[in-house]
Amino acid sequence: MSAPVKAAVIGASGYSGIELLRLILRHPGIELVAVTSRALAGKLLSTEFPRLRGIAPADTLAFIEPDVELVKQSGAQVAFLALPHGVSATFAKPLLDQGLRVIDLSADFRLRSPETYAEFYDHAHPHPELLAEAVYALPEIRAEEIQSARLIACPGCYPTSILLPLIPLLKASLIDLNQPINVSSMSGASGAGRNASVPLLFCEVNGSLRPYSVPRHRHLSEVGQELDLAAGQSVPLTFVPHLVPVHAGICTTTFVKLAQDIAPEQINTTLEQAYADEPFVRLLGQNHCPDTKHVVGTNFIDIGWAHDSRTNQIILMSAEDNIGKGASSQAVQNFNIAFGYPATTGLMQV
């Protein structure tokens, strides 16, 4: 067996970072050698995160300052960036220059256009020259590109739940693009990050349901980019996210019009052909609805669909863990592809 790949996690104090640490520590092909956090520097991992007690090396490895030179000195070969948008890019460039491969969980390298990035994220991209190199790393769609990529941009949580059901259907020209695609998604509160914010306090979230970032959530930019690429043309899209009073999980419902002379059964056939060999896509079939309780804590995405004969619409439904398949476990799945491990290595928890 080859030696484990030495890895660093840059910015590990958020929900995605914490989950990423848990997954890396149980992965047989990864040796965690550095973890950075400006606020936690000097603290042992297991002190800050008691869940990790007794799991090597959490009892002996301390957080370090987010310094690229210190990360390089640790011997790390790959760096996972679990940093806020706008911050990741400032670390990715020097890490790449030091010879590390980079797996970024933020949105900093998901978009191909620096103009679109500036439009949706309200600041210029720090390193626009890297956008053409970065691979938008939806593993079920771009495994071949991920294998050789230096800079791996992990998709967002909402986009993963929207794109995986839609891309095969667009590629097969099953959808009438003269009609807009309408998407409604619901996410647990962890999707907003681990920070102090009045709208995210327990008493504000509990017992309530609300839409937000309407009509232009930031993830609309990457969803639109990938749908246009799959369809080979501009795809009209409306996306409305909602906050629900649960910790984790995303449930997405997408409404599309069937193209003329397309039988509904072709939806099932196309999805099965696209994902027959993909271990983390579970196709539930027609008239079966996914449930977040069956995917939270896993790297699975469950996909079902239905046909509304009155309107000739296809209703696509998906469920995933926003912290898992929508962030940290998908990053580990991308690591597996990039470093030659089976896609399921370290990820088959249920």
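Annotations
- Sole exception among (1) part of a strand (DSSP E or B); (2) surrounded by 21 or more Cβ atoms within 10 Å (Cβ to Cβ) for N299, by number: (1)
- Close pairs from region 133-159: first more than 16 Å from R112 (Cβ to Cβ), partner hydroxyl-bearing (S, T, Y), Cβ under 8 Å, at least 6 apart: E140/Y275; C157/S187; Y158/S185; Y158/S187; Y158/T252
- Filtered residue count, region 101-119, keeping only those that are surrounded by 20 or more Cβ atoms within 10 Å (Cβ to Cβ) and in a helix (DSSP H, G or I): 1
- Unique residue being assigned by TED's automatic domain parsing to the domain that holds Q286, at negative phi and surrounded by fewer than 21 Cβ atoms within 10 Å (Cβ to Cβ) when the list is A172, A124: A172
- Residue in region 109-124 that is within 18 Å of S328 (Cα to Cα) and modelled with pLDDT of 95 or more present: yes
- Close contacts from region 272-284, counting a first residue that is among the hydroxyl-bearing types (S, T, Y) and a second that is in a strand (DSSP E or B), with Cβ to Cβ under 7 Å and a gap of 6+ residues or different chains, come to Y275/V281; Y275/L283.
- Set R51, R26, R38: member being among the basic types (K, R), in contact with a helix residue (DSSP H, G or I) (Cβ under 9 Å, 6 or more places away or on another chain) and not assigned by TED's automatic domain parsing to the domain that holds V296: R51
- Count - residues of region 303-346 that are buried (at least 24 other Cβ atoms within 10 Å of the Cβ) and within 28 Å of L81 (Cβ to Cβ): 18
- Region 331-350, residues that are within 14 Å of the chain's Cα centre (by Cα) and either among the hydrophobic types (A, V, I, L, M, F, W, C) or not assigned by TED's automatic domain parsing to the domain that holds E19 (or both): A331, V332, F335
The values are calculated or read from the model by the stated rules, or taken from the named source; none is laboratory data. Quick caveat, the model's predicted, so the values are computed rather than measured. Methodologically, a virtual Cβ is constructed for each residue, glycine included, from the backbone with ideal geometry; neighbour enumeration extends over all protein chains shown.
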